[in-house]
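Here the structure is laid out as structure tokens; the discussion comes afterwards.
The values are calculated or read from the model by the stated rules, or taken from the named source; none is laboratory data. The model shown is predicted, which means the values in this text are computed figures rather than measured ones. Backbone-built Cβ (ideal geometry, glycine too); neighbour counts: all protein chains shown.
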């Protein structure tokens, strides 16, 4: 059955299938801070403020970026199932939790530009280990810039000569957080547990020896001792997603652009790791702003590289769909 055989909106089975795919989107600490409401015609995205990281993300910037990523994943998933979703962002100015409404129309066009990114949803993971230099880097950079541009998000590479300054900013951010007990308690609450459907499991973390070979990683609780990719020095490239403003609308668009960038890289066989801790503090953001051409506001830094062939990492857990989808 194709889209034209349906009514003016996807049926519930299609909605569930698309959202199961969409909810594979990345989120800060894998908090999955989103809530969907389907009214039979339109699909609404709300932020779940009960999952706000009050120490790391008190303004909810990263929470909204995470919701932007799931929004873009959903849009791609619906297109692959024969439905184009027109996205109305921040539809109610007086309801701050209501981030987007999706209105549907049948889609019978080609999927050439989206099919690879949809397939990449299953394959994408966050790689915190050292990486090789990314293959075909110039072409990759041009492609992700084009994908982020419709969201008014700039994509700039951190030049080699500027990496020491960024590394110093990352180390400074880590040092400031080291004795911040509310932050550390929050970090441990969301990481290192293997029997939950949320958070960062132990299998997705790196050991102290592995973390020492990546200059820019967040200071997560370490995994048990291991020395994976012991022969590698990290050669990943670094890009910054930045916006002209710093409002919820800019954050939402950043998340959508982040989704596109991560999926495009995955479709090209590359590994990725978003670095959000470097942009949590104003001091670090000001350093990053000095390293990019335009006076934009840095939102996310991303490591992009090639991972050597090895056993695939297990996917991080996700909440059951019924916990995040409400029918009205």
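Filtered by the rule that a residue be over 22 Å from residue 117 (Cα atoms) and either outside any helix (DSSP H, G or I) or out of contact with any helix residue (DSSP H, G or I) (no Cβ under 6 Å at 6 or more places or on another chain) (or both), segment 61-87 gives a lone residue, 63.
Yes or no, residue by residue, for (1) assigned by TED's automatic domain parsing to the domain that holds residue 56; (2) in contact with a strand residue (DSSP E or B) (Cβ under 8 Å, 6 or more places away or on another chain); (3) at negative phi:
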| position | (1), (2), (3) |
| --- | --- |
| 259 | no, no, yes |
| 262 | no, yes, yes |
| 265 | no, yes, yes |
| 269 | no, yes, no |
| 274 | no, yes, yes |
| 277 | no, no, yes |
| 291 | no, yes, yes |
| 322 | yes, no, yes |
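Within segment 150-184, track down each residue that is in contact with a helix residue (DSSP H, G or I) (Cβ under 7 Å, 6 or more places away or on another chain), surrounded by fewer than 16 Cβ atoms within 10 Å (Cβ to Cβ) and either in a loop (DSSP other than H, G, I, E, B) or outside the structural domain of residue 248 (by TED's automatic domain parsing) (or both). Matches in segment 150-184: 152 only. Could you list all residues from segment 100-121 that are surrounded by fewer than 14 Cβ atoms within 10 Å (Cβ to Cβ) and in a strand (DSSP E or B)? Passing the criteria: only 105.
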